[in-house]
Amino acid sequence: MTTNPILVFWLAFGISAIFAFPIYRALIAVKSRQTIDSFAPEGHQKKQGTPTMGGLIILAGWLPALFITQHDYGMIIAVVGFMLIGFLDDFVVPRMIKGKRGLGWKQKILMQLLVAVGAAYLSTDLNPSWLWIGIGAFLILFFSNAFNFADGLDGLAGGLIVVLCIGMVAVSQSSVLVALALIAATIPFLYLNAPPAKVFMGDVGSLPIGAFLGLGFAQGIRAAFDPIGSNWWVVFAVIAMNVVLILELVLVPIQVGYYKRTKKRIFPATPIHHAFEVKGWPESRIVWTFVLTQVVCVALGWTIAVHGEQLSREPRPSTRIEGSQ
């Protein structure tokens, strides 16, 4: 196990860079193609057939760094487990069952729930409280699916990774090296995912990355509430940092539920980045708007975290009544 951040960064970057083009060519050879939902905006349909599962480029460098830096088995279970679910969804099911785009949503959620609970249970930073195991499992599920929605526009998911990992440092000290390795491993992927994208991340990449973010933020919140249980500023910091992902995920069931009841839409389309496509925004403008918004959100989260830590360190005025014993 190593704690040298320079070694971790270049190890992850080097492996991903070496394997980037071989993985890309292999994805083309096995015909791992993007299948665009028929409900996606018309301009988005041009991405039909673009190779998917490009997340393997990131995982090639990130996993070795994860194994040599991480003592938390829960984190390893979260990343590897969600990677396998993503592989089933991206590659195995579409080839085994003709006409299927991937796992059914019920199967997918059940698998994710089992892995999330197991990962949270095994996480040394959440055990032994069942309350925190539940919170950890919920955040793993939330972030994995929220980040999965962000994978679709050229450069969007990769850009969000870099900014979110920088933000994680503010609240999750135990995940700093893994976050640094993830940034490094994402750079070669971004080269191929830059517009016009030659490859997309796919569930095999977006699900484990989201699971890592969810468990990492859960561990940060847990640490802030131990031992005195009063550092609510960390919760607000995490919420502020993740406004983009929250909107990407939460607005989808709201849209679906409202449409089923009224046959009308609240938003032009969901996930929310599709709404801007429908409105005619150029894709590059949407990506830059989302990434820059994420930068502002992380800066706000950092501000809340730093200010909250300063407040928690300030001595509190004594409540002792003068003259009392």
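The values are calculated or read from the model by the stated rules, or taken from the named source; none is laboratory data. These numbers were taken from a predicted model, which means no experiment stands behind them. We place every Cβ from the backbone using ideal geometry, glycine too, and count neighbours over all the protein chains shown. Only protein heavy atoms, including side chains, enter the accessible area calculation; ligands, DNA and RNA are left aside. Shrake-Rupley method; radii C 1.70, N 1.55, O 1.52, S 1.80 Å.
Within segment 213-301, considering only helices (runs of 4 or more DSSP H) that don't extend past its boundaries, which have at least 1 residues that are at pLDDT 90 or above, open to solvent by 30 Å² or more (accessible area, probe 1.4 Å) and over 29 Å from Ala137 (Cβ atoms)?
Values: elements: 233-241, 243-262, 272-278.
The qualifying helices (runs of 4 or more DSSP H) are 243-262, 272-278.
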In segment 194-208, which residues are in contact with a strand residue (DSSP E or B) (Cβ under 9 Å, 6 or more places away or on another chain) and assigned to a helix (DSSP H, G or I)?
Asp203, Gly205, Ser206
Can you list residue pairs whose Cβ atoms sit under 6 Å apart, with the first residue in segment 84-101 being open to solvent by 50 Å² or more (accessible area, probe 1.4 Å) and the second being modelled with pLDDT of 95 or more and not polar (S, T, N, Q)? Count only pairs 6 or more apart in sequence or on different chains.
Phe87/Val204
Search segment 124-137 for residues being touching a residue at least 24 places away in the same chain (Cβ under 8 Å), in a helix (DSSP H, G or I) and of a type in the set (A, V, I, L, M, F, W, C), and hand back the single one that is most open to solvent (accessible area, probe 1.4 Å).
Ile135
Sort out which residues of segment 30-72 are modelled with pLDDT of 80 or more, part of a loop (DSSP other than H, G, I, E, B) and aliphatic (A, V, I, L, M), and write them in order of number.
Val30, Met53
Report yes if some residue within segment 69-78 is under 22 Å from Lys106 (Cβ atoms), surrounded by 23 or more Cβ atoms within 10 Å (Cβ to Cβ) and in contact (Cβ under 8 Å) with a residue 60 or more places away in the chain; otherwise report no.
yes
